[in-house]
Amino acid sequence: MTATSQARSQARSPTTAGSAEHSNFPDRDVPARDEVAVAHFVEQTAAVLADLGMQRMPARVLILLSATEDPGLTARELATALKVSPAAISGAVRVLAHLGFVERVAAPGQRRDRYRLPDDAWYVASIAKQPVYRRIADFAAEGVVGAGGSGTVAGARLAEMQDFFDYCDREVPGLVEAWHADRARRYTQPDPEI
């Protein structure tokens, strides 16, 4: 057994309750991994994201990558785990890469690329999409003018929309930075080997 396959086998094997050596969070107890519970979590969380407007297959891939012990998964591994075609995975990882949630990494000595989350996927994706708030606020301001000003019913509604997205444009970066600072204090992230 090669060192890589041995490490992958160990990463997939259940951990012992209370064992900190398999955890990025050494101060937390780590119960044995329950693959049925993980599969349920993946499907339920992906369904919530789909209800919020995310495409279902990218949501499933995102949550599976979040829940894997491996440093990354190949398209074949993703397809097998989710019981879908490789074509479905191809489209999903393309969407996730565009959103900043997935990185494609070439593994030395292997023909297949692996997909993984960036070290701070939620932070990276939030910052990448932050300019959208400014654009929506600017479009809403144009809408207020087009609707006859904030004294009209539609204009007042659009002015409130503009105010909300102005607020998000100002406040979300600080919120994300505060999360990033809090995360840096609370979690350790060992460099994954691919």
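For the criterion of being modelled with pLDDT under 95 and either loosely packed, with under 11 Cβ neighbours inside 10 Å or assigned to a helix (DSSP H, G or I) (or both), Ala39 passes.
Looking at the range 46-62 only, could you name the residues that are within 15 Å of Trp122 (Cα to Cα), surrounded by fewer than 21 Cβ atoms within 10 Å (Cβ to Cβ) and touching a helix residue (DSSP H, G or I) at 6+ places or on another chain (Cβ under 6 Å)? Within the range 46-62, just Leu49 meets the criteria.
Condition check: more than 22 Å from Ala92 (Cα to Cα), part of a helix (DSSP H, G or I), at pLDDT 95 or above and not aliphatic (A, V, I, L, M). Does Asp169 satisfy that? No; evaluated as a whole, the condition is false for this residue.
Applying the set (1) in contact (Cβ under 8 Å) with a residue 40 or more places away in the chain; (2) surrounded by 15 or more Cβ atoms within 10 Å (Cβ to Cβ) to Gln162 leaves exactly one unmet item: (1). Among the candidates Ala106, Ala81, Ala75, the residue that is surrounded by fewer than 18 Cβ atoms within 10 Å (Cβ to Cβ) and hydrophobic (A, V, I, L, M, F, W, C) is uniquely Ala106. Somewhere in the range 151-164, is a residue among the hydroxyl-bearing types (Ser, Thr, Tyr) and not in a helix (DSSP H, G or I)? Yes.
The values are calculated or read from the model by the stated rules, or taken from the named source; none is laboratory data. Bear in mind the structure is a predicted one, so any value in this text is a computation, not a measurement. Positions of Cβ are generated from backbone atoms using ideal geometry, with glycine treated the same way; all protein chains shown enter the neighbour counts.
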